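Some notes on the structure that comes next.
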Amino acid sequence: MADEKISELFKQYKNTGDIALRNTIAEKYLYIADILAKKFVGRGVEYDDLRQVASLALLRGIDRFDPDLGMQFTTFITPTITGEIKNYFRDKSRIVKVPRRLGELSAAVKRFSSEYEAKNGVKPRVRQIAEGLGVSEEDVVKALEIGGIASLDSFAVDGEGETEQSLYSLLSDGEDKYEVFELKETLRAAMRDFTDTEKKVIAYRYIEELSQSETAKRLGVSQMFVSRMERKLLAKLKETLKDSL
């Protein structure tokens, strides 16, 4: 279907609200929903469910798209569908039943951290939390990960308890106005000299937004290994970006 014809269909649908027109447009772009749904397979949700979420996002996107803005629909709908799928995972993570022991530990970690920071003016390290609560550092890391889906503005916690920081914090002041895409491109350029494993850690954690435990499973290593490597890589990126921006 030519771009001129699809553009005309969008204009007609905007003016008439004809469901038949919407369905015709949806059939044209359903392949995008299929591709994006497949991208998120393997995270505990069946493909059919992901496809349904993506398809509904496609329909909502068609309703919201304004053909008069001069933007390609594919440019508009791809991040729209991706965002809906990620929101689905976030909503799902909130209702997943957490093991009682881990839930209690998570609450204890939060209390300990708040009390420690109030008393000392800084956040406690993972090692300090573990010692204070009489548990392993691995358990502390797991407790910190409960309900967490990493993103570009999420915090990375080192297995040795180094200070938390976000990927946005690696950029100089004022860079927050950049779109996420531009940030990813900047980071990709800074990762040219990374090993394949190092690139996978960053990609899994900050592009695919996997948790540390999920990343560890993909790499066949321990969660603590991922946590330690992540902290070192963030420090390396910070140094690289400081020189390039």
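Some values worked out for this structure:
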read-out: Long-range Cα-Cα pairs in region 97-147 (distance over 13 Å), rounded percent; value: 52
read-out: Entries of K200/K238; K5/K28; K39/K199; K119/K236 with Cα pairs more than 23 Å apart; value: K119/K236
read-out: Cleavage-rule hits, trypsin sites (Lys or Arg not before Pro), region 190-238, DSSP coil, Cβ neighbours within 10 Å at most 11; value: R192
read-out: Compactness of region 3-95, expressed as Rg and Dmax over alpha-carbon positions, Å; value: 14.0, 45
read-out: Fewest-first sequence of S106, S7, S136 by Cβ atoms within 10 Å of each Cβ; value: S136, S7, S106
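Values quoted throughout were computed directly from the atomic coordinates according to the rules given, and no laboratory measurement underlies them. In this text the structure is predicted, and so the values were computed from the model without any measurement. All Cβ positions, even for glycine, are placed from backbone atoms using ideal geometry, and neighbour counts span all protein chains on display.
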